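The values are calculated or read from the model by the stated rules, or taken from the named source; none is laboratory data. What you are looking at is a predicted structure, and each value in this text was computed from that prediction instead of being measured. Cβ coordinates were reconstructed from backbone atoms using ideal geometry, including for glycine residues, and neighbour counts include every protein chain displayed. We work out accessible area using only protein heavy atoms, side chains counted, and drop any ligands, DNA or RNA first. Shrake-Rupley method; radii C 1.70, N 1.55, O 1.52, S 1.80 Å.
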Amino acid sequence: MKFVGKLILSLLLLLLLVAVVCYFLLQTRWGAEWASRRISDDTAYHLSIAKIEHNFSDPSLLSLHNVSFGHDGQPAVMVAKTVNLGLSLSLFNQPLRFASIELRDGTLDAANMPGNMAWPLQADRLQLRNMAVNTPRLAISAKALNGGIIPWQPAPGRIAGDNASFQMSAESITVDGLTATNALIQGRISDKQLFVNNFGADVARGSVTGSAQRDSAGNWHVPALRMNDIRLQTDKSLADFLAPLRNLPSVHFSRVDMTDARLQGPDWAVTDLDLLVKELTLRQGDWQSEEGSLALNADSFINGQLTLNDPILNLDFSPQGVADARFSSRWVNGLIRAQGSWQRQTKRLTLDELVLAGLEYTLPENWRDRWIETLPGWLDSVLVKKLSGSRNLLIDVNPAWPFQVTALDINGSDLLLARQRQWGVWQGSLNLNAAEATFNRTDIRRPSLALNADSGQINVTEMSAFVDKGMLEGQATLDQTPARHLSLTLDGRSVPADVLQNWGWPAPPLSGPATLQLKLNARLAADTPLKGSANGTLTINAAERTLEQTMTQGAVTTQP
């Protein structure tokens, strides 16, 4: 029995000696390389460790130095100068679950992580210290990240697991090209739901704070989002800058506050912007709201050639669309004001009132092309119930046919200015009066025009102007078919005999004051020259002579 006892004791001492030798060998360079090689050969992962360190002064801590870890056949997912593993008695039941895992001074690169990668380790707490994180799929990268996840139980495709609390801070973070500093986020994950209790960061010399949550179906709810003193410059056009809003999944904003923001792009800018949005849902380029609202004001807004000063916009939303919209702004040295609504089902914009006062507006060079362009899908028709304007200046500098109208007054009612996504005058009545005007270098005084329109035609019931010492009066009809057949009658008394020369009718072989009558038929179809469709007659009495001219397809012949 003594021999057996001595043998058992010797074996125990030998095993203890082997364990001690292995303990010290593992903390050598050779031991770290052997352990790395064994794990890499026997698992689906590759692991590299430069040094393993353990100290009996802190027996619950195992430190790994210069660690690289990833999936076989892929670049490293994690590289860290130091990985500290917290040891506990639970390792005997769950060998790969640690009390804590700390990653220090390294990089986590999700670009190298397969979407269904299952992490082999778990911990009661995952701690990150001075780590860089890169997640290209979400267009997010962070530097000097510090924080923790409790507990850390990663699942395939979900590195943070399904149930955990987290808190992170970063010196800088970049989201879709936008860089923020001093970022902080706190929240939890519960049954595939994400709750962000608080987030904040310094962005573009301002600050952003808020909270958010995402349900298991991927729908977001943002109870509060606050942006203060943002000063942002971008190389994106306004359409590209706003594109991420059109591509959002379902996001419901309970409240969004933006104060004193200044945003600038290549050909657009907005200064001193204040914005308040309540109860609005954005989903894949569309929006919905039960009883939400939007209030916006700014010092100025510039987009290409459009400049608005002191714009103010207020919208009250409803399930049917925009129940009430109010807009005002100083524009081209005048004032524009409108109030109305927009219906989602019919896509009709109804303006109960539109006021234009003191504008000095020069038409863009391509205004004719814009007039025949198809409107966007959300705008099928535009109805103006009351249109009024006073003391406006309208200019077209097109060298082929310039014009200018001074002190233009406008009165209109029930004007359907767009139908089936096409501009036009499809319905209503309109009266135009001006102090003076110039049409293709011919000056006139007190021009006046009155018309009414329906789905069949536009009827110009009165058209008059003073020219030199005489007067022109006329009437016209224009049908609403694509051919746009025009019928015009124009009478002149004591007007220059060549008054129509600059308007397309060749000068007659007469001079001095004349009485004339023009009857003309033509087509104003889009993309069709007017001259080739023009047919009519002109009768002129001047200097006791009568002259009749006939136009056939734009060519004029004279009969004395």
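So Ser216 ticks every box in (1) in a loop (DSSP other than H, G, I, E, B); (2) free of Cβ contacts under 8 Å to residues at least 24 places away in the same chain; (3) polar (S, T, N, Q) but one. Which box is left unticked?
Only one criterion in (1) in a loop (DSSP other than H, G, I, E, B); (2) free of Cβ contacts under 8 Å to residues at least 24 places away in the same chain; (3) polar (S, T, N, Q) is unmet by Ser216, namely (2).
List the strands (runs of 3 or more DSSP E) that sit entirely inside the range 296-337 and contain at least 2 residues that are open to solvent by less than 30 Å² (accessible area, probe 1.4 Å).
306-318, 321-331
Restricting to the range 338-363, and then to whatever is in a loop (DSSP other than H, G, I, E, B) and over 24 Å from the mean Cα position of the chain (by Cα), can you tell me which residue is surrounded by the fewest Cβ atoms within 10 Å (Cβ to Cβ)?
Leu363
So which residues in the range 489-503 are open to solvent by less than 60 Å² (accessible area, probe 1.4 Å), in contact (Cβ under 8 Å) with a residue 40 or more places away in the chain, under 20 Å from Ala400 (Cβ atoms) and hydrophobic (A, V, I, L, M, F, W, C), if there are any at all?
Within the range 489-503, just Val499 meets the criteria.
Return only the number of the condition from (1) assigned to a loop (DSSP other than H, G, I, E, B); (2) open to solvent by 80 Å² or more (accessible area, probe 1.4 Å); (3) in contact with an Asp or Glu (Cβ under 8 Å, 6 or more places away or on another chain) that Asn398 does not satisfy.
(2)
How many residues are open to solvent by less than 50 Å² (accessible area, probe 1.4 Å) and hydroxyl-bearing (Ser, Thr, Tyr) if we restrict to the range 453-486?
Here the count works out to 2.
Test each condition in (1) in a strand (DSSP E or B); (2) open to solvent by 30 Å² or more (accessible area, probe 1.4 Å) for Arg370 and report the one that comes out false.
(1)
Phe199 - would you say it is within 29 Å of Gly265 (Cβ to Cβ), of a type in the set (Phe, Trp, Tyr) and either assigned to a strand (DSSP E or B) or open to solvent by less than 60 Å² (accessible area, probe 1.4 Å) (or both)? Spell out how you get there, then give the answer.
On the way: within 29 Å of Gly265 (Cβ to Cβ): yes; of a type in the set (Phe, Trp, Tyr): yes; either assigned to a strand (DSSP E or B) or open to solvent by less than 60 Å² (accessible area, probe 1.4 Å) (or both): yes.
Spelling it out, Phe199 is indeed within 29 Å of Gly265 (Cβ to Cβ), of a type in the set (Phe, Trp, Tyr) and either assigned to a strand (DSSP E or B) or open to solvent by less than 60 Å² (accessible area, probe 1.4 Å) (or both).
How do the strands (runs of 3 or more DSSP E) wholly within the range 425-526 filter down when requiring 1 or more residues that are touching a strand residue (DSSP E or B) at 6+ places or on another chain (Cβ under 6 Å) and within 16 Å of Thr539 (Cβ to Cβ): which remain?
It comes to 470-479, 485-496, 513-523.
Against the conditions (1) modelled with pLDDT of 90 or more; (2) in contact with a Lys or Arg (Cβ under 6 Å, 6 or more places away or on another chain); (3) more than 30 Å from Leu359 (Cβ to Cβ), where does Gly285 fall short? Just the number, please.
If we test Gly285 against (1) modelled with pLDDT of 90 or more; (2) in contact with a Lys or Arg (Cβ under 6 Å, 6 or more places away or on another chain); (3) more than 30 Å from Leu359 (Cβ to Cβ), just (1) comes out false.
In the range 332-368, what residues are among the polar types (S, T, N, Q), closer than 27 Å to Ala407 by Cβ and out of contact with any strand residue (DSSP E or B) (no Cβ under 7 Å at 6 or more places or on another chain)?
Applying the first criterion (among the polar types (S, T, N, Q)) to the range 332-368 yields 333, 339, 341, 343, 345-346, 350, 362, 366.
Imposing the further condition that a residue be closer than 27 Å to Ala407 by Cβ reduces the set to 333, 339, 362, 366.
Within the range 332-368, just Asn366 meets the criteria.
Which is open to solvent by 30 Å² or more (accessible area, probe 1.4 Å) and touching a helix residue (DSSP H, G or I) at 6+ places or on another chain (Cβ under 7 Å), of Gln94, Gln74?
Answer to the selection: Gln74.
Which count do you get for residues in the range 231-260 that are in a strand (DSSP E or B) and surrounded by fewer than 15 Cβ atoms within 10 Å (Cβ to Cβ)?
From the range 231-260, those in a strand (DSSP E or B) are 231-233, 251-260; that's our starting set.
Next, only the ones that are surrounded by fewer than 15 Cβ atoms within 10 Å (Cβ to Cβ) stay: 231, 233.
Residues that pass the stated criteria total 2.
Pull up the range 373-395, narrow it to residues that are open to solvent by 90 Å² or more (accessible area, probe 1.4 Å) and among the charged types (D, E, K, R), then point me to the one that is nearest to Gln422 (Cα to Cα). Reasoning before the result, please.
Going through the range 373-395, the residues open to solvent by 90 Å² or more (accessible area, probe 1.4 Å) turn out to be 373, 378, 385-386, 391.
Adding the requirement that they be among the charged types (D, E, K, R) leaves 373, 385-386, 391.
Numbers: Glu373: 7, Lys385: 18, Lys386: 20, Arg391: 28 Å.
Once the filter is applied, the top-ranked residue is Glu373.
Identify, please: which residue in the range 131-150 is under 22 Å from Asn198 (Cβ atoms) and open to solvent by 40 Å² or more (accessible area, probe 1.4 Å) and is, among those, modelled with the lowest pLDDT?
Top of the filtered list is Leu138.
Quick one: how many residues across the range 504-524 are farther than 16 Å from Ala476 by Cα and either surrounded by 15 or more Cβ atoms within 10 Å (Cβ to Cβ) or among the hydroxyl-bearing types (Ser, Thr, Tyr) (or both)?
The qualifying residues number 9.
Please enumerate the residues belonging to the range 41-60 that are of a type in the set (Ser, Thr, Tyr) and either modelled with pLDDT of 75 or more or in contact with an Asp or Glu (Cβ under 7 Å, 6 or more places away or on another chain) (or both).
Listed by number, the residues that qualify are Thr43, Tyr45, Ser48, Ser60.
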